[in-house]
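The values are calculated or read from the model by the stated rules, or taken from the named source; none is laboratory data. From a predicted model like this one, the values you see are computed outputs, not experimental measurements. With ideal geometry, Cβ positions are generated from the backbone for all residues, glycine too; neighbour counts draw on all protein chains shown. Please note that ligands, DNA and RNA were not included when accessible areas were found on the heavy atoms of the full protein model with its side chains. Shrake-Rupley method; radii C 1.70, N 1.55, O 1.52, S 1.80 Å.
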Amino acid sequence: MTLSRTSALPDALVRLGIEPENSGAFDGAWTTTHGKRYESINPATGELLAVVNEVSTEDYERIAARTAAAFVEWRQWPAPKRGEVVRQLGDALRRHKEDLGLLVTLEVGKIRSEGLGEVQEMIDMADFAVGLSRQLYGLSMHSERPLHRMYEQWHPLGPVGVITAFNFPVAVWAWNSMIAAVCGDPMLWKPSEHATLCSIAVTKIAQKVLEENGAPPIWNLAVGDRHVVGQPLSADRRFPLISATGSVAMGRSIGKVVADRLGRSLLELGGNNGIVVTAGADLDLALRAVLFAAVGTAGQRCTSTRRLFLHKSIAAEMKQKLIRAYGSVRIGDPSDPSTLMGPLIHEKAVADYRDALVRAQEEGGRILCGGKVLDRPGFFVEPTLVEALPHMPITCEETFAPILYLFEYDDLDEAIELHNSVPQGLSSAIFTLDMRAAEKFLSVAGSDCGIANVNIGTSGAEIGGAFGGEKETGGGREAGSDSWKIYMRRQTCTINYGETLPLAQGVHFDV
Ligand code: UN1
């Protein structure tokens, strides 16, 4: 594909501080970088949006050192004061919602409503974190020893390395940065190389809030590939926590490096999410949910539905409904409000889509509709339904594309077994009006995923819950609930206010 520079940057990008050529290094100030130049491409047109200068290994070292230095100051700010800074960041995001949402659309191809939804997810995280800044509770325990008091407290952990993927280029930063900030941790962000402008815009918004509050540089940025940022960051002992979102292969290599230095990793890796539809389910509800979860974001969410298990009694009807709905999905310019499905992120994603469909057919699958790459600029494909056989190897893999594999089943136990038979364990759902089926799906013998829904699709989780999954999805939990605990260190304190020294467990040790 040939690249042509757009005549001028869209006003929204200019308002966000994006320039034709940008520095990808922020550590309290935007600094000159020594790495290569990266071109940010609009995946819907193939046009060049702007250029970003990536960091070099020496730039990384400087940013990491500044992040570590910021910790020494930031951890002394009272948590509610840290929360106040996050509150102001939430307000700034409210003001920039339209522009930042549009940048998400232009740089990664999400439709307008999903681009705005992503910024809303950041705002929701800010609100959650502000409340949390007054609720970083520890427990107190009753000591077994007389005149002793025992309690636990939570201290800031240290600088956090955050590695994010292209598909949620701003929200996943917010999951980490808002919580890390109230917990007292500064962070160094390595964004996806396919969403560099989003990372620069977010960091500029955050920079202003930090400056207005006289806060140290806690939201730092190092745009660069795995060699100059990803690997050094994972191995860097100044970062006790590495939070990484991306493929299983990426998580496996980062996880090993972090484990080797006995650091903590928070991994949010691939999903291969399934929906079970039982006999007697509300099929229209199921249809709408499947469509959003399988076709939304062009199938490029880690929570996208990739496998659909249909009870034999409703399979034919549901397939017909799906084929009709898939045929009417409006594919095209993601900034046009009537578009439902935008492009894939790049040429390689299109090749992966093609390869997956070739393999699916070789393994016995049958394409029911879709399956074609669109002949137009940008990286557009058709949403695709494939009738699949149980355990086809391709259905055990995550292909980041709008391909949905359909299976039929006789009884629920069989469906749950097939559902759980893949290596990933992120999100899952059942559509049913039968409370026994719903409860079985949610029971210990039901879905093995980190997220399990009833009459709701697999994607589009709210931030209030802990987000993440089991098995090869990596086990990490981010965003709501008590996910904050991984960003802090727990200290158990026992205080003796008596005049003797009784030992626990009844041990005597007197001279
Ligand atoms: C991802 O795809 O990496 O539940 C995150 C969802 C979104 C987050 C997805 N709230 O679909």
List every residue pair whose Cβ atoms lie under 8 Å apart, where the two residues are 6 or more positions apart in sequence or sit on different chains, the first residue falls within segment 220-239 and is in contact (Cβ under 8 Å) with a residue 12 or more places away in the chain and more than 22 Å from residue 207 (Cα to Cα), and the second residue, located anywhere, is surrounded by fewer than 24 Cβ atoms within 10 Å (Cβ to Cβ) and basic (Lys, Arg).
235/261; 237/261
Complete set of residues in segment 477-489 that are within 15 Å of the ligand (Cβ to nearest atom) and either under 11 Å from the mean Cα position of the chain (by Cα) or aliphatic (A, V, I, L, M) (or both):
477, 478, 479
Can you tell me how many residues within segment 137-193 are open to solvent by 20 Å² or more (accessible area, probe 1.4 Å), among the aliphatic types (A, V, I, L, M) and within 16 Å of the ligand (Cβ to nearest atom)?
1
If I ask for residues that are within 23 Å of residue 318 (Cα to Cα) and open to solvent by less than 20 Å² (accessible area, probe 1.4 Å), which ones from segment 354-380 would you list?
357, 360, 365
Being more than 20 Å from residue 415 (Cβ to Cβ) and either within 12 Å of the ligand (Cβ to nearest atom) or among the basic types (Lys, Arg) (or both) is the filter; apply it to segment 279-297 and report the residue that is nearest to the chain's Cα centre (by Cα).
297
Test of understanding: among 286, 281, 249, which residue is assigned to a helix (DSSP H, G or I) and either closer than 30 Å to residue 433 by Cα or touching a Cys at 6+ places or on another chain (Cβ under 6 Å) (or both)?
286
When you scan segment 167-179, do you find a residue that is of a type in the set (A, V, I, L, M, F, W, C), over 15 Å from residue 202 (Cβ atoms), in the same structural domain as residue 60 (by TED's automatic domain parsing) and more than 13 Å from the chain's Cα centre (by Cα), even just one?
yes
Considering only segment 479-511, state which residues are surrounded by 10 or more Cβ atoms within 10 Å (Cβ to Cβ) and either hydrophobic (A, V, I, L, M, F, W, C) or modelled with pLDDT under 95 (or both).
479, 484, 486, 488, 493, 495, 503, 504
Complete set of residues in segment 464-476 that are near the ligand (Cβ under 10 Å from one of its atoms), crowded, with 24+ Cβ neighbours inside 10 Å and assigned to a loop (DSSP other than H, G, I, E, B)
468
Within the group 14, 51, which residue is aliphatic (A, V, I, L, M), in contact with a Lys or Arg (Cβ under 8 Å, 6 or more places away or on another chain) and over 24 Å from residue 218 (Cα atoms)?
51
Being within 16 Å of residue 295 (Cα to Cα) and among the small types (Gly, Ala, Ser) is the filter here, so list the residues in segment 95-114 that pass it.
109, 113
Enumerate the pairs (first residue in segment 479-508 and closer than 12 Å to residue 136 by Cβ; second residue anywhere and among the aromatic types (Phe, Trp, Tyr) and part of a strand (DSSP E or B)) with beta-carbon separation below 6 Å, excluding pairs fewer than 6 apart on the same chain, so at least 6 apart or on different chains.
488/154; 490/154
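So is residue 271 within 12 Å of the ligand (Cβ to nearest atom), in contact with a strand residue (DSSP E or B) (Cβ under 9 Å, 6 or more places away or on another chain) and of a type in the set (Gly, Ala, Ser) or not? Break it down into steps so the answer makes sense when it comes.
Details: within 12 Å of the ligand (Cβ to nearest atom): yes; in contact with a strand residue (DSSP E or B) (Cβ under 9 Å, 6 or more places away or on another chain): yes; of a type in the set (Gly, Ala, Ser): yes.
So residue 271 passes the test.
Inside segment 217-252, can you point out the residues that are more than 16 Å from the ligand (Cβ to nearest atom) and surrounded by fewer than 19 Cβ atoms within 10 Å (Cβ to Cβ)?
So the first thing to find is which residues in segment 217-252 are more than 16 Å from the ligand (Cβ to nearest atom), and the list is 217-242, 252.
225, 226, 227, 231, 235, 237, 238, 252, listed by residue number.
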Unique match (being free of Cβ contacts under 8 Å to residues at least 24 places away in the same chain, on the phi > 0 side of the Ramachandran plot and in a loop (DSSP other than H, G, I, E, B)) among 371, 378, 364:
371
Does residue 336 satisfy the criteria of being open to solvent by 20 Å² or more (accessible area, probe 1.4 Å) and under 28 Å from the mean Cα position of the chain (by Cα)?
yes
Give the residue, chosen from 158, 138, that is assigned by TED's automatic domain parsing to the domain that holds residue 218 and in contact with a helix residue (DSSP H, G or I) (Cβ under 9 Å, 6 or more places away or on another chain).
158
Consider segment 444-463. How many of its residues are assigned to a loop (DSSP other than H, G, I, E, B), open to solvent by less than 40 Å² (accessible area, probe 1.4 Å), in contact with a Ser or Thr (Cβ under 9 Å, 6 or more places away or on another chain) and within 13 Å of the ligand (Cβ to nearest atom)?
5
